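Worksheet: the structure to be examined is printed underneath.
Here, each number is a calculation from the coordinates, and none is a lab measurement. If you're wondering where the values come from, they're calculated on a predicted model, not measured in any experiment. Cβ placement follows ideal geometry from the backbone for every residue including glycine, while neighbour counts extend to all protein chains displayed.
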Amino acid sequence: MTDLLLANNINKSFNLGVQKIDVLQDVSLTIQEGEFVAIMGKSGSGKSTLISIFAGLDIPDTGSIVLNGNELTTLNEDQLASKRQSDISFVFQSFHLIPTLTVAENIGFPLKISRNFNQKHVDELLQKVELTHRANSFPHQLSGGEKQRTAIARALISQPKILFADEPTGNLDEKNANSVMDLLINLQKEFNTALVIVTHDPAIAKLANRTIHIIDGQI
């Protein structure tokens with residue numbers, strides 16, 4: 001396996017009034033191409049902040065993040081946006097679908113943003129996530145499981161190098177959660193996308209190649 005993401009001595013703090021809160025302290029981590037990594041820890045331990053920094057959605061106070069050969073902390077906002085379009089994707093607990101777009105339009109949206117739209121790719125992913133019959137439905141017409149499958153398809157349409165998922169089954173019942181995880185892992189393997197999941201669920205963590213525990217902002 002080839003190293004895809006290298007994080008070195010990441011530190012991040014927030015000011016809460018006059019109090020300084022150290023969220024991440026000297027975090028160093030390597031993630032390889034195609035690897036499935038689970039990140040576990042109590043609420044407030046710094047898990048979500050860590051993957052936000054890895055994904056270029058937030059910046060560390062100190063430290064470096066090299067993703068696919070590029071140092072993220074030196075990129076400007078336009079360069080980061082381009083990097084997120086090409087190499088990085090995100091799946092959230094609350095789906096974040098665009099309510100005025102159909103399932104097919106939501107899935108194809110990243111391709112339209114990058115001006116690389118391909119209807120065949122959209123149709124193929126609709127079939128893979130078993131939502132062809134829902135192609136013209138809107139998010140409010142979907143079940144929770146269907147919404148998350150749409151979000152997963154949208155996240156993978158650009159075939160990113162790495163996919164971050166923050167509690168992707170947190171809003172689902174057990175049956176839908178298991179179905180979504182099976183789908184996510186199968187597609188991750190098919191596309192050889194590195195998968196980094198923040199989860200409280202030990203059953204999900206057991207599916208990963210490696211589990212990282214964050215305690216008080218440290219690995």
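Going by what's in this entry, would I51 be described as out of contact with any helix residue (DSSP H, G or I) (no Cβ under 9 Å at 6 or more places or on another chain), outside any loop (DSSP other than H, G, I, E, B) and within 29 Å of T2 (Cα to Cα)?
yes
Taking only segment 52-67 into account, find how many residues are crowded, with 21+ Cβ neighbours inside 10 Å and of a type in the set (A, V, I, L, M).
Counting residues in segment 52-67 that are crowded, with 21+ Cβ neighbours inside 10 Å and of a type in the set (A, V, I, L, M) gives 4.
List every residue pair whose Cβ atoms lie under 6 Å apart, where the two residues are 6 or more positions apart in sequence or sit on different chains, the first residue falls within segment 145-167 and is on the phi > 0 side of the Ramachandran plot, and the second residue, located anywhere, is aromatic (F, W, Y).
Every condition considered, the pairs that remain are Q159/F191.
Of all residues in segment 81-138, count the ones that are crowded, with 19+ Cβ neighbours inside 10 Å, assigned to a loop (DSSP other than H, G, I, E, B) and free of Cβ contacts under 8 Å to residues at least 60 places away in the same chain.
Counting residues in segment 81-138 that are crowded, with 19+ Cβ neighbours inside 10 Å, assigned to a loop (DSSP other than H, G, I, E, B) and free of Cβ contacts under 8 Å to residues at least 60 places away in the same chain gives 3.
Tally up the residues in segment 62-92 that are charged (D, E, K, R) and either in contact with a helix residue (DSSP H, G or I) (Cβ under 7 Å, 6 or more places away or on another chain) or closer than 28 Å to G170 by Cβ (or both), please.
Total satisfying the criteria: 3.
Quick check on G63: is it in contact (Cβ under 8 Å) with a residue 40 or more places away in the chain, part of a helix (DSSP H, G or I) and more than 16 Å from the chain's Cα centre (by Cα)?
In short, no.
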